[in-house]
Amino acid sequence: MDYIKLVEETFSENKAAGYPRFKAGDTITVTYKIKEGDKFRLQNFRGVVIQICGATPHVKTFTIRKISNGIGVERIFPFESPAIEKIELNKVGKVRRARIFYLRNLAGKKARIKEAKRTVAKEETVAAAE
């Protein structure tokens, strides 16, 4: 029996289980806490997921890229970060790769990602309306 895995499973809050499932190419909004002096405030970071690294939730990270005033900004978030307040899935993108670093070299309309059709979400809204 592997005691290290047993302890990790016991003490982990598994914060990542509450997040929506997303993959590379999806547009998400991450709300995270920033400490300024002795005060905390919440800030949103909305962008495209360009990669997800790591196998277990303790070491798993995801990278988000957005364009701010014509400059590309990337930020890496750990899944189990206590600073992350919530994650919202805005759009589901249709890409053919797990790491879309080619997005860094594209600008304007070339940098757009096609939106995938979500049939499951439509069924959920129909069921909620009934």
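Here Ala107, Ala98 are screened, and the one residue that is in contact (Cβ under 8 Å) with a residue 60 or more places away in the chain and among the aliphatic types (A, V, I, L, M) is Ala98.
Would you tally the residues in region 47-62 being among the hydrophobic types (A, V, I, L, M, F, W, C), surrounded by fewer than 15 Cβ atoms within 10 Å (Cβ to Cβ) and not in a loop (DSSP other than H, G, I, E, B)? Even if it seems obvious, please write down each step before you answer.
Residues of region 47-62 that are among the hydrophobic types (A, V, I, L, M, F, W, C), as a first pass: 48-50, 52-53, 55, 59, 62.
Now drop any that are not surrounded by fewer than 15 Cβ atoms within 10 Å (Cβ to Cβ), which leaves 53, 55, 59.
From the residues that got through so far, the ones that are not in a loop (DSSP other than H, G, I, E, B) too are 53.
Matching residues across region 47-62 total 1.
Restricting region 63-96 to residues that are part of a loop (DSSP other than H, G, I, E, B) and among the basic types (Lys, Arg), the residue that is surrounded by the fewest Cβ atoms within 10 Å (Cβ to Cβ) is Arg96. Leu103 meets each of the listed conditions (1) surrounded by 15 or more Cβ atoms within 10 Å (Cβ to Cβ); (2) in a strand (DSSP E or B) apart from (2).
Read-outs throughout are calculated quantities, based only on the coordinates presented, and are distinct from any laboratory measurement. Please read these numbers as outputs of a predicted model, since none were measured by experiment. All Cβ positions, even for glycine, are placed from backbone atoms using ideal geometry, and neighbour counts span all protein chains on display.
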